[in-house]
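Colleague: I have a structure here, written as structure tokens, and I will follow up with some questions on it.
The values are calculated or read from the model by the stated rules, or taken from the named source; none is laboratory data. In this text the structure is predicted, and so the values were computed from the model without any measurement. Every residue, glycine as well, gets a Cβ built from its backbone with ideal geometry; the counts of neighbours run over all protein chains shown. Only protein heavy atoms, including side chains, enter the accessible area calculation; ligands, DNA and RNA are left aside. Shrake-Rupley method; radii C 1.70, N 1.55, O 1.52, S 1.80 Å.
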Amino acid sequence: MTEMRQRHDVGPPDSGSDEKATLLAFLDYVRDAVTSKAQGLDDRQARTPGVSSGTSVLGLVKHLTAVESYWFAWAFEGADMEHPDFGMDLAETDSAAGLLAAYHRAIERSNEIIEHCDDLSQPCARSAGKAAVVRSMRWVLIHMIEETARHAGHADILREQADGSIGR
């Protein structure tokens, strides 16, 4: 049995600011929860699936990187780029450092796109998602909070399975 290691919990962000700043603060909060779960694991631990579906901490990071690019760059901005692959399968060349760096780059680009959006009701440049509906930036931000938070919970459980760490 692995030794339980308690990590200091981090409460939700305080934000008495406007709607966009509040939504971005919560999105950054759950993004940080994901990255904190991936940091400190060796590549073997981070790549090892903790459930029968094959989901691993690094697989979640890879998936969330694609989701960031899809919703903010591809759908909202309309960037000329390949449609991201949402899969969680890892290549032999995928490493924790490389995947976390790619996630941080995707987050930086997403945050730049969010920053340049002056109206949260502005529609995406492309219809997206399973319903192929044109969504607003507000919808994308709320969806990304939900998507990232759900996977942060998965990462929390996978991290505990990997090395016994609990808490944020």
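Colleague: Take the solvent-accessible surface of the protein heavy atoms, probe 1.4 Å, and return the percent of it on the chain that carbon and sulfur atoms account for.
Modeller: The computed percentage sits at 52.
Colleague: Now a separate question. Rounded to the nearest 10 Å², what accessible area does S53 have for a 1.4 Å probe in the complete protein model?
Modeller: About 90 Å², ignoring ligands and nucleic acids.
Colleague: With a 1.4 Å probe and all protein chains in place, put S69, S52 in order of accessible area, largest first.
Modeller: Order by accessible area, largest first: S52, S69.
Colleague: Per residue of segment 65-82, in order, report the coupling 6.51 cos²θ - 1.76 cosθ + 1.60 (Karplus, θ = phi - 60°) as ³J(HN,Hα) in whole Hz, putting x for Gly and Pro.
Modeller: Ordered by residue, 3J(HN,Hα) equals 4, 5, 5, 4, 4, 4, 6, 8, 7, 6, 7, 6, 6, x, 4, 7, 8, 5 Hz.
Colleague: Gain in length, E82 to Q122, computed as 0.36 nm per residue apart minus the alpha-carbon separation, to one decimal in nm?
Modeller: 12.1 nm
Colleague: Just to confirm, what accessible area per residue do you get for segment 11-168 at 1.4 Å probe, in whole Å²?
Modeller: 49 Å²
Colleague: The list [x] 22.9, 71; [y] 17.2, 63; [z] 16.4, 51 gives values of Rg and Dmax of the Cα atoms in Å, and only one came from this structure; which label was calculated from it?
Modeller: It is the one labelled [z].
Colleague: Right, another one. Can you tally the net charge around R109? Count Lys and Arg as +1, Asp and Glu as -1, for every other residue whose Cβ sits under 10 Å from the Cβ of R109.
Modeller: -3
Colleague: Next question, about the same structure. Report the net charge of residues surrounding E92, where surrounding means a beta-carbon distance below 12 angstrom and charges are Lys +1, Arg +1, Asp -1, Glu -1.
Modeller: Overall, the nearby charge balance is -2.
Colleague: A follow-up question, please. Would you kindly derive the ³J(HN,Hα) couplings of segment 135-141 from the backbone phi angles with the Karplus curve 6.51 cos²θ - 1.76 cosθ + 1.60 (θ = phi - 60°), listing them in order in whole Hz, with x for Gly and Pro?
Modeller: After applying 6.51 cos²θ - 1.76 cosθ + 1.60, I find 9, 9, 4, 4, 4, 4, 4 Hz.
Colleague: Quick one: which residues, 5 or more positions from S136 or on another chain, have an amide H under 5 Å from its amide H? H modelled 1.01 Å from N in the peptide plane, none for Pro or chain starts.
Modeller: Those qualifying (amide H under 5 Å, at least 5 residues apart or on another chain) are C124.
Colleague: Name the trypsin sites (Lys or Arg not before Pro) in segment 87-137 that are in a loop by DSSP and that have at most 11 other C-beta atoms within 10 Å, would you?
Modeller: The qualifying sites are K130.
Colleague: Further question on the same structure: Can you list which of the trypsin sites (Lys or Arg not before Pro) found in segment 20-104 are DSSP loop residues with at most 16 other C-beta atoms within 10 Å?
Modeller: Hits after loop and neighbour filter: nothing returned.
Colleague: Would you pull out the residues with amide H under 5 Å of I166's amide H, same chain only if 5 or more places away, H placed 1.01 Å from N?
Modeller: R5, Q6, R7
Colleague: Rounded to whole Hz and in sequence order, give me ³J(HN,Hα) for segment 90-106 from the Karplus expression 6.51 cos²θ - 1.76 cosθ + 1.60, θ = phi - 60°, writing x for Gly and Pro.
Modeller: Per-residue couplings from phi come out as 9, 7, 4, 7, 6, 10, 4, 4, x, 5, 5, 5, 5, 4, 5, 5, 5 Hz.
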